[in-house]
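Accompanying notes for the structure given below.
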């Protein structure tokens with residue numbers, strides 16, 4: 001019997017810095033998961049384009065993280081503004097010659113109103129940032145990745161994009177939509193060496209989390225079988241896997257990182 005070449009095991013290679021030399025754009029990089037990702041990706045050897053509306057925060061982050069080996073640059077970025085998104089991607093390509101990956105983490109939370117008491121303005125605001133922002137980001141990231149010969153996109157969804165959650169329906173709807181965009185784009189791009197996946201965090205310690213009442217923090221922690229709150233860097237580690245070559249056979253996946261919250265639902 002003739003052995004097919006693909007039946008032979010691939011050689012095992014160890015890469016200490018998993019994003020060495022890659023050019024990665026991060027939206028929502030001024031705080032929370034986006035900031036943690038910028039720190040994690042820079043430590044893994046990436047050139048990082050840190051995009052956000054708060055220019056003071058991303059400028060300080062870029063100054064702190066840039067080294068002689070890998071650069072971090074700050075770009076003003078409003079994901080609800082098409083020209084702003086287009087310009088951020090163009091800046092990445094102009095500065096580094098290509099784009100290898102993107103983490104679309106910009107997002108906002110719910111108003112907290114039940115559906116029939118929610119304002120139309122609140123619904124539009126959440127969908128505009130969380131869903132349209134991801135659409136616009138991918139619209140301009142994808143051509144740059146195709147021009148580079150391939151790459152990876154990670155869209156930040158939520159455990160709320162896997163289950164229903166009372167009281168935050170516009171947020172839940174926006175994240176289910178992110179999952180749909182991710183899966184559809186993954187199918188469209190699978191033959192072009194561009195992978196698209198979504199990361200679904202649960203409760204994660206960020207500035208917004210720290211503003212919640214202690215009783216609510218404890219309630220949310222208890223919803224996870226692991227009974228704890230993730231750190232923003234825990235999400236950055238999952239995004240790192242999805243952006244690196246270690247996930248080269250993963251596309252169209254929704255990766256939960258929420259301590260098992262959805263398992264019993």
For the list (1) within 24 Å of residue 195 (Cα to Cα); (2) surrounded by fewer than 19 Cβ atoms within 10 Å (Cβ to Cβ); (3) out of contact with any helix residue (DSSP H, G or I) (no Cβ under 7 Å at 6 or more places or on another chain), I need the number of the one condition that residue 86 fails. (3)
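Counting only residues that are within 19 Å of the chain's Cα centre (by Cα) and on the phi > 0 side of the Ramachandran plot, which one in the range 246-265 is modelled with the lowest pLDDT? Don't jump to the end; show me each part of the working.
At the first step, the residues of the range 246-265 found to be within 19 Å of the chain's Cα centre (by Cα) are 246-259.
So of that shortlist, the ones also on the phi > 0 side of the Ramachandran plot come out as 252, 259.
Working: 252: 98, 259: 57.
The selected residue is 259.
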Filtering the range 56-70 for residues that are touching a strand residue (DSSP E or B) at 6+ places or on another chain (Cβ under 7 Å), surrounded by fewer than 23 Cβ atoms within 10 Å (Cβ to Cβ) and at pLDDT 95 or above leaves a count of 3
Any chance residue 99 is under 21 Å from residue 189 (Cβ atoms) and either more than 22 Å from the chain's Cα centre (by Cα) or surrounded by 18 or more Cβ atoms within 10 Å (Cβ to Cβ) (or both): yes
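Would you mention how many residues in the range 61-91 are part of a helix (DSSP H, G or I) and over 17 Å from the mean Cα position of the chain (by Cα)? It would help to see each step written out before you state the result.
Pass one, the range 61-91, residues part of a helix (DSSP H, G or I): 61-65, 82-91.
Next, from what is left, pick out any that are over 17 Å from the mean Cα position of the chain (by Cα): 61-65, 82-84, 86-87, 90-91.
The number of residues fulfilling the criteria is 12.
Could you say whether any residue in the range 46-54 is part of a helix (DSSP H, G or I), within 24 Å of residue 16 (Cβ to Cβ) and in contact with a strand residue (DSSP E or B) (Cβ under 7 Å, 6 or more places away or on another chain)? Give the derivation first.
Just the residues of the range 46-54 that are part of a helix (DSSP H, G or I), to begin with: none.
Checked the range 46-54: no residue is part of a helix (DSSP H, G or I), within 24 Å of residue 16 (Cβ to Cβ) and in contact with a strand residue (DSSP E or B) (Cβ under 7 Å, 6 or more places away or on another chain).
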Could you pull out every one of the helices (runs of 4 or more DSSP H) wholly within the range 184-245 that has 3 or more residues that are at pLDDT 95 or above and under 21 Å from residue 23 (Cα atoms)? 232-243
Filtering the range 102-125 down to residues that are in a helix (DSSP H, G or I) and loosely packed, with under 14 Cβ neighbours inside 10 Å yields 115, 116, 117, 120, 121, 124
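The values are calculated or read from the model by the stated rules, or taken from the named source; none is laboratory data. Only a predicted model underlies this, so the values are computations on that prediction, with no experimental measurement involved. With ideal geometry, Cβ positions are generated from the backbone for all residues, glycine too; neighbour counts draw on all protein chains shown.
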